[in-house]
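The values are calculated or read from the model by the stated rules, or taken from the named source; none is laboratory data. All of these numbers come straight from a predicted model, not from anything done at the bench. Heads up, the Cβs are rebuilt from the backbone with ideal geometry, glycines too, and the neighbour counts pull from every protein chain shown.
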Amino acid sequence: MNEKYIIDLSDDEREAAVAVINSTKEGVRRRTRARILIASAAGLSPREIEAALSTSTSTIYRTRKRFVNGGLEHSLAEKPRLGGMRKLSAKDEATLVAIACSEAPAGRNEWTLQLLADHLVALTDLESVSTETVRRRLKELNLKPWQKRMWCLSKVTPAFIARMEAILDLYAEAPDPTRPVVCFDETLKQLVAHLEQPIPAEPGKPQKVDHHYKRNGTRHLAVAFCAHRCWRKVWVLEHRGYVAFANLMRELVDVHFPEAEVVRVVLDNLNVHCEAALYHAFPPEEARRVLRRLELHFTPKKASWLNMVEIEIGVLARQCLDRRIASPTELAGEVAAWEAARNSAGATIKWMFDVEAARKKFKRHYPDVPERSETPTLQTA
């Protein structure tokens, strides 16, 4: 081999070459070239390098030549490879995209690479298409037909913005014991009993639970959380409806916040969450009395994430409900214990999303309306 290409690495080049060798993200060819440069700089002959790295003398020659002519990165980089001819024409790729973006065939819940390849052959003049060809084209197009992303945000309209900012203003207020803000929502828990008692855990052995179980119905859980106080309340309900909601609202104002002038309740848009529920449950005088001390604030539709109690319900589910609970009595006891522990620990929620943050996040959704200061004029005949 021609020895005119002498390798002399600077300290920085040596560190960069070593970093390439030690990196698990670098390709095999780049690491081999880096090893060639390190070995050449150490004085090894091409024959010695060939034997040590199991590479060819031509590779060693090209690597050294490219280093001398273009530097370290030039010697490590891959030259563009022509590769084979693309098997799918532009028309075939457009057909593949159309198939992948359509509904999966009857009896299948999603597209697979093999299904896509079979349908592409059926709809084009291609004799065969491999799943690897389909995979590469989909990767190039950043198309993943087997993935689904769920969204829960409705269209951001002026009505959405008005309700959102009203809720955020409530959260941003200073605590006022005479006008507390209470977030309220409901969830569902399925009652499940063991058919065989679990085997307790031992050192080195986890608890064992039989996969067979018995369903014992369901119970509704109503959860209230005070936005400005370390307080929450959980009720276990057999049924959810107008009467249950009305009784809970009366309990809020008469039992839990008797000194408050008005209790401001943040709710979602469930049909039973309304003032009319109190007239379903109580005589008009009693309904009116309770409503005078209630102020209902509704989150925008499909935006229950604005209700702070949703976070508390998530904590309840993770810490207490994520297991088999057999009976309403057991459920009530477990929920009461969780509630007492959370309240005594002073657990609260640090709400970070305010009106300013909302206007930044939803900036493009806010209507661009110029200020209007015209006063109406009376039209005379």
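Observations on the model:
- Restricting segment 135-152 to residues that are in a loop (DSSP other than H, G, I, E, B) and basic (Lys, Arg), the residue that is surrounded by the most Cβ atoms within 10 Å (Cβ to Cβ) is 144.
- Considered as a group, the residues in segment 290-304 that are closer than 12 Å to residue 167 by Cβ and out of contact with any strand residue (DSSP E or B) (no Cβ under 8 Å at 6 or more places or on another chain) include one that is modelled with the highest pLDDT, and that residue is 300.
- Filtering 246, 224, 287 for residues that are within 18 Å of residue 343 (Cβ to Cβ), modelled with pLDDT of 95 or more, surrounded by 15 or more Cβ atoms within 10 Å (Cβ to Cβ) and in contact with a helix residue (DSSP H, G or I) (Cβ under 7 Å, 6 or more places away or on another chain) leaves a single hit, 224.
- When segment 269-284 is filtered for residues that are exposed (fewer than 15 other Cβ atoms within 10 Å of the Cβ), touching a strand residue (DSSP E or B) at 6+ places or on another chain (Cβ under 8 Å) and without any contact (Cβ under 8 Å) to a residue 60 or more places away in the chain, the ones remaining, listed by number, are 269, 275.
- Whichever residue in segment 114-127 is in contact with a helix residue (DSSP H, G or I) (Cβ under 8 Å, 6 or more places away or on another chain) and without any contact (Cβ under 8 Å) to a residue 24 or more places away in the chain and, among such residues, is farthest from residue 149 (Cα to Cα): 127
- Segment 11-100 holds helices (runs of 4 or more DSSP H) entirely within its bounds, and those carrying 3 or more residues that are more than 37 Å from the chain's Cα centre (by Cα) and touching a residue at least 12 places away in the same chain (Cβ under 8 Å) map to 11-22, 28-41, 46-53, 57-70, 72-76.
- Filtered residues of segment 188-207 (kept if touching a strand residue (DSSP E or B) at 6+ places or on another chain (Cβ under 9 Å) and either surrounded by fewer than 17 Cβ atoms within 10 Å (Cβ to Cβ) or more than 25 Å from residue 328 (Cβ to Cβ) (or both)): 188, 190, 192, 193, 194, 195, 198, 199, 200, 201, 205, 207
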